[in-house]
Every structure is written in structure tokens, then in C-alpha cells.
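Laboratory data are not the source of any read-out in this text; all were calculated from the coordinates shown. Values in this document were obtained by computation on a predicted structure and should not be read as measured data. So basically every Cβ, Gly included, is an ideal-geometry build from the backbone, and we count neighbours across all protein chains shown.
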């Protein structure tokens, strides 16, 4: 959320060295996909699950170019909620899913946020970047950090990474009211226990999170999310939590350990 594809170059380069083909894309309203539009605005509000459908288009492209090899999708943060929705309709199209920086948010609170964004969009317009909704959604993320230096310290423990994020014009932008409505909708449906039963039971799922990530409720929310999938009948659910790591696990000091864990997990599935 509020970032772009090029921030994942370290992971991509690591995987390519392991002879793993990598395909990446910017979400709608992010990075290069927003060059002729508005950052934080995905599409007209009448379109449902636009980010999910866009991800499926990427899957189709990948399958056309690499038809004979296993296909895994990794989603970070908002991308993890997009991916969790993707599995309901397209789970049979892939060989495994990796969720980084996900969680289990209170549904009533998320629904309240969606309603606030909906009301404001009727007043200010759906393309209005909303500082108010941003504060409501993320204003408490820093609360457990002592001696906080910036508003974005909750993202990652390394000051150099925080500084790079703050200096990047394609990072940290406000979502539009329409964008927030879709984000909240994605979170609510991602946590729908009934919809989870539509996921192929044999599909392997990997949850990765920092133990200091507020989005994952410092590990508790990640465990809750994983438990929901197990209760829905998904048979192969793995969780790994990392000490001294915050939300952007793939940019933390121990990122190469995380990269190796991802490779080992995929290799284990591939060799079955």
C-alpha cells in the first residue's frame, strides 16, 4: 500500500539467483500504473474487486510465458489482502500463496472505516485524498515504539529504510476515498470464514510477519488469520514470525533469512 514494485528488487534478485523466474506488478493507482492518473485511486467505485481482477490478468500473462513451472504468488500488506481475496475465485490457478505483513482486523471497525469513507466520498468526491481516513486507519501504528523518530517508524526498524521511504515520491501518499473503500472491502472479505471454504483445501499457504508488526497485531493477528484458514479446511498452512522485525519484513536487517525461508518453502512444495 502506498509504495511500488521497485522496492522489492532485493527479493527479486535473490530469487533469480536461485533460478526462480520473478514477475512483479504495481497495483492500480500505484507506481507506474498511476503515471497518467491519481496515486491512491484504483478505478471507478462501480467496479468490484478491481485489484483482484488485475492480479488475475498478471497470472494469465505469467502462465502464458512460463506454462510448465509451478506458480506462486506473494502479497505484502495490502497486497496480502488482495491475494487472500484472489484465492476465492482463482486459487486453483496457482501452486501456493505467500502472505507477508497480513493480519486479522476487527470486522466491525473495518466496516466503520468503510462507511466513513463512503459518506465522505459523497461529500468530497471519490478521488479526494483523505488525511482524515488515513489517520483513523493508521494513526496508532507507532504507539508501541519508544523514541520514535518519524511517523513511519512502524514500517521497519532500519532508519535508512525509513528515510528512503520518506524520500520516495511514490511512497507514503494518501489514498483517495474510493481507494480506502476498496481497501476496507478487501480486508472484510479476506476475513470471511464462509468464503474461505471456497479455497482449494490442498493449496499451500505461507504466512510471514515481524513480531513487531502492528498490522499483524504483533504476531497475534497473523496466528488468528492462519487459524481461520485451518478451520475452513485448508490443510497446509505454515506461519513464521521473526524477532525484531516490523511491517516491512522484506526490508528488514534479516531479510535474506526471510528470502531463504521463502525459497525453502517453495522448493519443498515443488519437490512433492
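Quick look at the numbers
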item	result
Highest-first arrangement of 217-230, 57-70, where packing means the average Cβ count within 10 Å	217-230, 57-70
Peptides ranked, highest mean first, by Cβ atoms within 10 Å: ranges 11-18, 82-89	82-89, 11-18
Gap separating the Cα centres of the stretch 214-234 and the stretch 126-171, nearest whole Å	24 Å
Estimated translational D of the stretch 150-214 in µm²/s (Stokes, Kirkwood radius over Cα pairs; 37 °C; 0.692 mPa s)	216 µm²/s
Whole-Å semi-axes of the ellipsoid equivalent to the chain (Cα gyration tensor, √5λ, descending)	27, 22, 20
Spatial separation of Cα centroids for the stretch 43-114 and the stretch 1-33, in angstrom	15 Å
The chain, relative contact order [Cα under 8 Å, separation at least 6], %	22 percent
Helix-only [θ]222 nm of the chain, DSSP H runs n ≥ 4, -39500 (n - 2.57) each, per residue, nearest 500	-13500 deg cm²/dmol
